[in-house]
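Undergrad: Right, I'll just put the structure down here and ask away after.
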Amino acid sequence: MRSIPLMILLLALALAMPAGAFTADNLALSVQENGDADIRFDYTLNWIERFAVFLRIANPADEFRSALERAYKKPVDVKSVSSGSAVFRVEGLASLKESEEGVRYSVPALDFSYAVVELEKYWFAPLVQVDLTPDLTTLTFPDGHTESFVQVAGIPATSHTISF
């Protein structure tokens, strides 16, 4: 029962202070030979968001997993989570097409703009400012070829052929 007045006091303090920011720092998508992808999302939480995570009011990894599942229409496994990053696995993310030239890996586009709209529906939305535009996004294919995107809220559809 003592925690309820404490939560109310902290919420009142949070409302009196300027809004915090959930900031996407880096996004790294690594395509495996079989088309599966590992996605590492590094982010920064302010003290309000850390408190919300501590109280289990919000979980950035679950929110990002849900966003990936909606975007890719595939199940997403959470591999690991820390206070500033989360790693996911998406099976069969990249489509593979074999030709005389080699194997073409095609990764579908990913757009984070709708995720901000979804987050704005939560009761704590006035307390945070969400920035889902990573400083750097990298997309790495099995042969080590990398595509980089700076300050882009998502990943454009990208293909790469690995020669035999």
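All of the numbers you see were taken from the coordinates with simple rules; none came from a lab. These numbers were taken from a predicted model, which means no experiment stands behind them. All Cβ positions, glycine included, derive from the backbone under ideal geometry; neighbour counts span all protein chains shown.
Undergrad: Report the extension gain between residue 30 and residue 85 in nm, rounded to one decimal, defined as 0.36 nm multiplied by the number of residues separating them, less their alpha carbon distance.
TA: Working: separation 55, 0.36 × 55 = 19.80 nm, distance 1.55 nm.
The residue 30-residue 85 span can extend by a further 18.3 nm.
Undergrad: Right, something else. What distance in nm separates the simple spin-label points at residue 74 and residue 117, each placed 7 Å from Cα in the Cβ direction?
TA: Distance between the two pseudo-spin positions: 2.4 nm.
Undergrad: Using θ = phi - 60° and the Karplus form 6.51 cos²θ - 1.76 cosθ + 1.60, what ³J(HN,Hα) does each residue of the stretch 98-107 get, whole Hz, x for Gly and Pro?
TA: 8, 9, 5, 7, x, 10, 9, 9, 10, 9
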